[in-house]
1. Mind listing whichever residues of the range 103-114 are in contact with a helix residue (DSSP H, G or I) (Cβ under 8 Å, 6 or more places away or on another chain) and open to solvent by 20 Å² or more (accessible area, probe 1.4 Å)?
2. Scan the range 81-123 residue by residue and report those that are farther than 17 Å from ARG159 by Cα and within 12 Å of the chain's Cα centre (by Cα).
3. Report yes if VAL72 is within 20 Å of PRO237 (Cβ to Cβ), among the β-branched types (Val, Ile, Thr) and within 16 Å of the chain's Cα centre (by Cα), otherwise no.
4. With the requirement that a residue be closer than 24 Å to PHE69 by Cα and surrounded by 17 or more Cβ atoms within 10 Å (Cβ to Cβ), what does the range 128-155 give you?
5. Do you know which of the residues in the range 25-64 that are in contact with a Ser or Thr (Cβ under 6 Å, 6 or more places away or on another chain) and open to solvent by 10 Å² or more (accessible area, probe 1.4 Å) is farthest from THR89 (Cα to Cα)?
6. Considering only the range 50-144, give the helices (runs of 4 or more DSSP H) lying wholly within it that have at least 2 residues that are modelled with pLDDT under 95 and under 18 Å from ALA17 (Cα atoms).
7. In this structure, is ASN94 in contact with a helix residue (DSSP H, G or I) (Cβ under 6 Å, 6 or more places away or on another chain) and not aliphatic (A, V, I, L, M)?
Amino acid sequence: MFRLFRYLTLQIEPTGACNLNCKICMRRNLERPISFLSFDNFKRLLDSANFRYVGLHGWGEPLLNRELFEMVSYAESKGVWTNLTTNGTLVRENIDSILGSGLREIAFGVYDKELFSRSSPQIEELIAEKRRRGFKRPKTYLDITMYKENLSQILDLVRLAPQLPVDAVILHRLFNVYKVDPAIEYLSADEEEGLFTEVSRLARGLKLELYLPPKHSLPCRIVKRSIFVTAEGKVTPCCFLPEFYLGNALEQGVGGVMRSKAYTDFVKNMKKHPICGQCQW
């Protein structure tokens with residue numbers, strides 16, 4: 001099983017703190033202390049198994065962690081590819097660190113045009129500086145959450161992508177099993193199909209790289225391809241299960257948790273899990 005870790009993404013949460021309070025985010029429903037992952041603990045986690053890709057994200061804003069770019073540089077020095085997901089509102093003050101750390105990919109999460117107006121000028125500055133320096137890294141993504149309320153905004157957000165200009169656009173489904181807001185609803189299958197047709201046509205016209213979410217299935221593709229570790233070092237099988245702990249990676253190592261009976265039992269019985277059984281992501 002250890003060799004399989006080379007094909008899994010290690011998702012690590014740099015912090016649970018955030019400078020926003022987005023209405024679609026379930027962090028306000030979580031009963032967790034606000035923690036910051038230390039650089040030393042990051043190294044322990046990364047070195048505990050032979051991963052080749054690490055995603056730095058979670059239920060907080062990673063750029064609030066002052067040791068974040070030490071983590072990125074360390075991972076890259078080990079030959080581990082790094083990805084960062086951010087709300088984009090703190091990019092301007094971190095441009096030098098983003099470009100100097102060796103970060104491979106950066107995704108800017110967006111779900112609302114008005115909120116995006118706060119981050120888009122900063123994203124433009126980052127990309128302009130990347131070009132000025134002649135850098136190819138990091139690859140940039142506009143990562144759009146889709147749901148009923150913002151359906152009418154999604155095409156407009158996609159049209160903004162070439163103006164920044166980001167390298168690609170990702171669409172992903174809302175995760176709302178925790179009911180962060182009872183008024184927030186998923187798109188229906190028909191709405192999704194219609195949106196994907198329109199977005200694909202638009203992306204072709206804009207010559208824009210586009211990633212659409214596959215149909216949800218069980219066993220879950222997220223669990224098969226990744227493992228999530230919170231800022232406290234606790235392991236969950238998925239970032240959408242941030243309080244479903246199967247072990248502590250700082251004590252057992254990531255590999256140790258994944259070999260445990262608790263983890264293997266979860267994978268075998270995923271369809272019966274109260275959250276996974278309802279998930280559409």
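The values are calculated or read from the model by the stated rules, or taken from the named source; none is laboratory data. What you see is a predicted model, and the numbers here were worked out from it, not measured in a lab. Backbone-built Cβ (ideal geometry, glycine too); neighbour counts: all protein chains shown. Remember, those area values only see protein heavy atoms, side chains included, never the ligands or the DNA or RNA. Shrake-Rupley method; radii C 1.70, N 1.55, O 1.52, S 1.80 Å.
1. Filtering the range 103-114 down to residues in contact with a helix residue (DSSP H, G or I) (Cβ under 8 Å, 6 or more places away or on another chain) leaves 103-104, 106, 108, 110-113.
Listed by number, the residues that qualify are ARG104, TYR111, ASP112, LYS113.
2. THR82, ASN83, LEU84, THR85, THR86, ASN87, GLU105, ILE106
3. no
4. As a first pass, look at the range 128-155 and keep what is closer than 24 Å to PHE69 by Cα: 128-143.
Within the range 128-155, LYS130, PRO138, THR140, TYR141, LEU142, ASP143 meet the criteria.
5. TYR53
6. Numbers: elements: 68-77, 95-100, 113-132.
Here the list is empty.
7. For ASN94, the condition - in contact with a helix residue (DSSP H, G or I) (Cβ under 6 Å, 6 or more places away or on another chain) and not aliphatic (A, V, I, L, M) - is met.
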